1. State, as an integer percentage, the relative contact order of the stretch 121-260 based on alpha-carbon contacts under 8 Å between residues 6 or more apart.
2. Convex hull volume of the Cα atoms in the chain, per residue, in Å³?
3. Taking the Cα centroid of the stretch 49-93 and of the stretch 116-144, what is the distance between the two, rounded to the nearest whole Å?
4. Measuring with a 1.4 Å probe in the full set of protein chains, what accessible area per residue, in whole Å², belongs to the chain?
5. Would you mind telling me the antiparallel percentage of the DSSP bridges in the stretch 121-260, rounded to 5?
6. Rounded to the nearest 0.05, what FRET efficiency do residue 4 and residue 146 have when you use their Cβ-Cβ distance and R0 = 51 Å?
7. I'd like the carbon and sulfur percentage of the solvent accessible area for the stretch 121-260, probe radius 1.4 Å, heavy atoms only, ligands and nucleic acids excluded.
8. What's the ranking of 159-168, 127-136 by average number of surrounding C-beta atoms within 10 Å, highest first?
Amino acid sequence: MSKTYKITLLPGDGIGPEVIKESLKVLDAIAEKSGFALEYTERNAGGAAIDAHNDPMPDSVVETCKASDAVLLGAVGGPKWDHLTGALRPESGLLKIRKELGAFANLRPVMVPESLAANSPLRPETVAGLDLFTVRELTGGIYFGQPVGEEGEGDDRKVWNTMVYSVGEIKRVARVAFEWARKRRNKVTSVDKANVLAVSRLWRDTVIALHQEEFSDVELNHLYIDNAAMQMVINPRQFDVILTGNIFGDILSDTSATLGGSLGLLPSASVGGPVGIFEPVHGSAPDIAGQGKANTFAMILSVAMMLDTLDEADAANAIRTGVEKVLDEGYRSGDLWREGNTLASTTELGDLVRDAALAAL
Ligand code: NAD
Ligand code: IPM
Ligand code: MN
């Protein structure tokens, strides 16, 4: 009997629904040929859920996600909801679902095949063949730390967030990074701000202790976040696995995404709990939403990461091969297009990847 996976779809806002639609086109075709089935439940999230329920992530949606095998998320947010504050923001809904699902490790791989090197803002020889993997802590740090507060009026008005990590939170995400390094080139670069922040000194001490106790076979080095941002642009191929906290990982991974030319290429998997969330790194791109311009590779590659965790490795690899083939053939959405490429719309890219992935299976 064929397997059936229960997938919760959270298309969200802006280009979210557009890229989800194309990724399902690919996923459905691949599933049929592979002999497994998918049962989708679609729910509002972010701005769409605010409009429908006045709540960016209703508890009922969290329950649906918890009862599924995986969650596919497009993107949330946009100018329409930018006046909202606190828990009512679309982005708060995203933080809530990550926290509720215990998705403490966010995996953000970046690869720049030869065919993409010319699309990079960096020199092709700096990025060709790049293969780096960021493990970003996702349910702690300054994004979630308490207290958050405010007091005072006028020039005396103050607002504060708190950056906090426990040893346990650092260890569990560091373990994920070391384990990935063992499957890759065996090197972890831990990124922090230990020259200034006490919380970063705990981060560094904890990573060093865990390394000595359990992972001394893995090469480990440390960089401050400011230097790491520079190294990312000067010589990105020095990195294998980057391990870092929530806010540094957010910033560094957008930078790493541009090495291949666009944020529209970077997939991610938010894992650690019983149900993973598979979400592109990019946002809702309000400037191009609804125009058929969105690059759908990031979402399609996020689906491949989902299939990896569902143990459908052949299907996942076929999708990755399909994406590579479409890139090799020179098709690009507007964010990546250069002289000599063929400009393709969101739906054309979906069709092309579906056909190429099917051919690779
Ligand atoms: P963004 O990632 O939406 O866009 C940044 C730039 O990259 C824009 O010029 C956009 O057109 C381009 N871009 C992004 N994805 C693209 C794609 N797939 N194809 C082609 N071009 C693409 O970031 P932003 O503008 O800072 O944020 C817009 C909204 O999205 C905000 O509300 C923000 O909070 C939200 N956001 C959500 C997520 C998420 O849901 N995971 C992630 C980041 C930002
Ligand atoms: C991301 C996004 C989110 C984050 C926002 C939208 C909450 O930028 O997934 O990188 O900062 O984690
Ligand atoms: Mn981000």
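The values are calculated or read from the model by the stated rules, or taken from the named source; none is laboratory data. These figures come from a predicted structure and were not determined experimentally. In this analysis, Cβ positions are derived from the backbone assuming ideal geometry, glycine residues included, and neighbour counts consider all displayed protein chains. Accessible surface areas use protein heavy atoms only, side chains included; no ligands, DNA or RNA. Shrake-Rupley method; radii C 1.70, N 1.55, O 1.52, S 1.80 Å.
1. On the way: 218 pairs, mean separation 52.1, N = 140.
For the stretch 121-260, the relative contact order is 37 percent.
2. Details: hull volume 53.5 nm³, N = 361.
So the per-residue Cα hull volume is 148 Å³.
3. About 27 Å separates the Cα centre of the stretch 49-93 from the one of the stretch 116-144.
4. Details: 15370 Å² over 361 residues.
Heavy-atom SASA per residue in the chain reads 43 Å².
5. About 20 percent, rounded to the nearest 5.
6. On the way: r = 41 Å, r/R0 = 0.80.
Between residue 4 and residue 146 the formula returns 0.80.
7. Working: 3440 of 6640 Å².
C and S atoms contribute 52 percent here.
8. Values: 159-168: 13.5, 127-136: 21.5.
Highest mean packing first, the order is 127-136, 159-168.
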